[in-house]
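The values are calculated or read from the model by the stated rules, or taken from the named source; none is laboratory data. From a predicted model like this one, the values you see are computed outputs, not experimental measurements. So basically every Cβ, Gly included, is an ideal-geometry build from the backbone, and we count neighbours across all protein chains shown. When the accessible area is computed, the model is the full protein with side chains, heavy atoms only, and any ligands, DNA or RNA have been set aside. Shrake-Rupley method; radii C 1.70, N 1.55, O 1.52, S 1.80 Å.
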Amino acid sequence: MGIVIGIIVGLLIGAVAAWYVTGKMANSKAQNILSDAEKDAEVIKKNKLLEAKEEALTMKAELEKQANQRSSRLQVSENRLKQREMSLTQRQEELNKKISEIDSTRSKLDSTRENLEKEKEIFAVKNDAIEQLYQKSVKQLEEISGLSAEDAKERLVETIKDEAKVDAQSYVTEIIEEAKFNANREAKKIVIQSIQRVATETAIENSITVFHIESDEVKGRIIGREGRNIRALEAATGVEIVVDDTPEAIVLSGFDPVRREIARLALHQLVADGRIHPARIEEVVSKVKKQIDDEIVETGKRTVIDLGIHGMHPELIRLIGKMKYRSSYGQNLLQHSRETANLCAIMASELGLNPKKAKRAGLLHDIGKVPDDEPELPHALLGMKLAEKYKEKPDICNAIGSHHDEMEMTTLLAPIVQVCDAISGARPGARHEIVEAYMKRLNDLENLALSYPGVIKTYAVQAGRELRVIVGADKLTDQETEALSADLAKKIQTEMTYPGQVKITVIRETRAVSYAK
């Protein structure tokens, strides 16, 4: 027990000693921390003072700079004010001088006005005297002549007017006569030069084509057994084939040059190939039609290239190529249009107009004669509608539509196209009125039959003395075919004018076609 107490007492004494030592150490540490803090505070204080001094110096320099700037601006403003003051002083002096000059001028004007007033009074007195003398003279003249002054004045004026009218009329008449003479002379000169520079051959288009063969043996093969080959060829092409005693020649007769050309080329290929039968004939005719269509497009392209015309719609180019197979009063339409185009270009150049536009209008002026579907419109107006449809310029469209006076001319191109069209058609031997009327009659004959339902193709042959009508077997019966033939005969008899008589042949056949695969 005594040991335990001794241990406890020792522990207490150790704790007290430790507490004492620890307190001493804490006090010393606190003192050290305080001293360090005081030192740091002193350093911070010095730094802040230095920063404050630097900032104060900076602000002082900035303020001095601003003060200097303000003083310089004030100095500039002061200089400007001084200059303005000097200029105002000079202006004031100038104004004073001008005022003095105006005063002196005013005094001079006053004196002049007084002089004028005096002269005016003197002039008024003299004028009164002259007026009295004039009235006295007028009265004396009126007494002598027996006319009043107003009557004499009117007579004098009328006399002067009549003389002026006579002189003016004679002068105007002289100028008009001179202008007409010069205009006629220049017009004749331009027309003659244009005709001389565009000299082309003229040839009347015929309605027959002669197909030459090597021997008469070929004729029998073309005719075929019981004439089936020649009937198939006529039905496929719409051309009448005349095989007579003429040696080594077969005549292809038809008013449409395209059909005649198709028949000629088809016959040429059939004879060269040697196989001539109805199926082969139809195959060759179909190929030749496509070949002719390609040739039409090629002809149109070659024509516009030769004439130097660019940017034309492809459909118009196709119609131009088709002109090769059309005629105007027996004159080839493409040749006529090319000639008109060249004449228009020359005449436009002589008149100082655009020759390219004139050439374009001249080439297209008869384009309305080409389409197969011919509405109830004159060809000039139809051509204008086609040109408008394919985006041709308004002045060209007007020239096309008005070249036969069917609408008003609004541009200078229109009369040029009209004149050149007349020049081309008026050449000796260029046209033949009867041929054109004949072709129109055959066209009307075919179109009349085509207007009936069920009709597929129509061909006018034998120079219009026979009309062959091909109908669809699935559309009309045999009885309806007979009725169609009789109805067509009555309608042609009542509505058309023709020489002799017209035979109407309606063909209806049934075909069965199959393919072995």
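Note on the stretch 244-258: residues that are surrounded by 16 or more Cβ atoms within 10 Å (Cβ to Cβ) and touching a strand residue (DSSP E or B) at 6+ places or on another chain (Cβ under 8 Å) amount to 6. Residue count for the stretch 278-314, restricted to those that are outside any helix (DSSP H, G or I) and surrounded by 15 or more Cβ atoms within 10 Å (Cβ to Cβ): 2. Does Asn398 satisfy being under 17 Å from the mean Cα position of the chain (by Cα) and in a helix (DSSP H, G or I)? Here the answer is yes, as Asn398 does meet what is asked. For the stretch 283-307, the set of residues classified as among the hydrophobic types (A, V, I, L, M, F, W, C) and in contact (Cβ under 8 Å) with a residue 24 or more places away in the chain consists of Val285, Val288, Ile292, Ile296, Val297, Val304, Leu307, listed by residue number. Considering Ile367, Ile320, the condition of being β-branched (Val, Ile, Thr), surrounded by 20 or more Cβ atoms within 10 Å (Cβ to Cβ) and under 19 Å from the mean Cα position of the chain (by Cα) is satisfied by Ile367 alone. Restricting the stretch 444-458 to residues that are assigned to a helix (DSSP H, G or I) and open to solvent by 50 Å² or more (accessible area, probe 1.4 Å) leaves a set whose member that is farthest from Leu476 (Cα to Cα) is Asp444. The residue pairs whose first member lies in the stretch 443-454 and is more than 17 Å from Gly238 (Cβ to Cβ), whose second member is open to solvent by less than 60 Å² (accessible area, probe 1.4 Å), and whose beta carbons are closer than 6 Å, counting only pairs six or more residues apart or on different chains, are Gly454/Val471; Gly454/Gly472; Gly454/Leu476. Asp373 passes all but one of (1) modelled with pLDDT of 85 or more; (2) out of contact with any helix residue (DSSP H, G or I) (no Cβ under 6 Å at 6 or more places or on another chain); (3) under 25 Å from Gly254 (Cβ atoms); which number fails? It is condition (1) that Asp373 fails. When only residues in the stretch 51-64 that are open to solvent by less than 100 Å² (accessible area, probe 1.4 Å) and among the aliphatic types (A, V, I, L, M) count, which is nearest to the chain's Cα centre (by Cα)? Looking at residues that are open to solvent by less than 100 Å² (accessible area, probe 1.4 Å) and among the aliphatic types (A, V, I, L, M), I get Ala61. Among the residues making up the stretch 65-84, a single one is open to solvent by less than 100 Å² (accessible area, probe 1.4 Å) and among the charged types (D, E, K, R): Glu78.
Only one of the numbered conditions (1) among the hydrophobic types (A, V, I, L, M, F, W, C); (2) in a helix (DSSP H, G or I); (3) open to solvent by less than 10 Å² (accessible area, probe 1.4 Å) is not met by Leu265, and that is (3). Within the stretch 315-344, the set of residues being of a type in the set (Ser, Thr, Tyr) and outside any helix (DSSP H, G or I) comprises Ser327, Ser328, Tyr329.
The single condition among (1) at pLDDT 80 or above; (2) buried (at least 21 other Cβ atoms within 10 Å of the Cβ) that Leu353 does not satisfy is (2). Can you name the residue in the stretch 459-517 that is among the basic types (Lys, Arg) and open to solvent by 70 Å² or more (accessible area, probe 1.4 Å) and is also farthest from Asn447 (Cα to Cα) among such residues? Filtering first and then ranking leaves Lys517. Being touching a Ser or Thr at 6+ places or on another chain (Cβ under 9 Å), in contact (Cβ under 8 Å) with a residue 60 or more places away in the chain and basic (Lys, Arg) is not true of Arg508. Residues in the stretch 261-282 include at least one that is farther than 30 Å from Gly401 by Cβ and touching a residue at least 60 places away in the same chain (Cβ under 8 Å). Residues that are out of contact with any strand residue (DSSP E or B) (no Cβ under 8 Å at 6 or more places or on another chain) and buried (at least 16 other Cβ atoms within 10 Å of the Cβ) were ranked within the stretch 425-443; the one that is modelled with the highest pLDDT is Arg441.
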